[in-house]
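First the structure, in the form of structure tokens, and then the observations on it.
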């Protein structure tokens, strides 16, 4: 009886071992779970630190406008208001879009060459073109105050930008370079800020015409885009005065 019992125990153990070996032979190789990344399943600390979950891509740093007006070739150019007298307000419309265009530079230049000499003031924006308007006025009034802004000359042109600004979210000016407000050309004598509030950006131009006359100078306006020498564009609104 005892031998028979031992033999049964041995046979049972052998059966269990055979079953285990059979199961082991059918097992699949280890594969990563569908929810786990390929590899060892452990996130690379360097990668995790560089791109933390939920963070947006860093904002591209735009090239600062130079002290002198950029001479890069124009990518696009169109005249939006050809030589005329804006005695009533004329508007060059652009749809309002986000982000709001912001002013980064102002340049002034005298162009006596050619059959139509002119003097130009250029407003350089980032993000796109704002809507803008032009009008000859008796005086350029400050937005919100209603007081005339000081301008040299005996004629005045108001230049208004809509859906535009010249400051950042902290209220700091975004205009990195601009000429002295006393420009001092023969006809384009000066310019000045008349307001930057709630998407309305206003400038006045002081213009010299013949004394004691009702003479006005023809005005032209246009738009162009220029490379900033990096990966960005300047969106330029210019205003020309035909010299006389």
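Here are the numbers for the structure shown:
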read-out: Relative contact order [Cα under 8 Å, 6+ residues apart], segment 73-162, whole percent; value: 28 percent
read-out: Packing-based order for 175-182, 81-88, 127-134, using average beta carbon neighbours within 10 Å, highest first; value: 127-134, 175-182, 81-88
read-out: Alpha carbon centroid spacing (whole Å) that separates segment 61-85 from segment 193-231; value: 13 Å
read-out: Relative contact order of segment 79-242, pairs being alpha-carbon contacts under 8 Å that are 6 or more residues apart, as %; value: 29 percent
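Every number here is computed from the coordinates shown, using simple stated rules; none is lab data. Because the structure is predicted, anything quoted here is derived from the model rather than measured. FYI the Cβ positions are ideal-geometry reconstructions off the backbone, even for glycines, and counts take in every protein chain you see.
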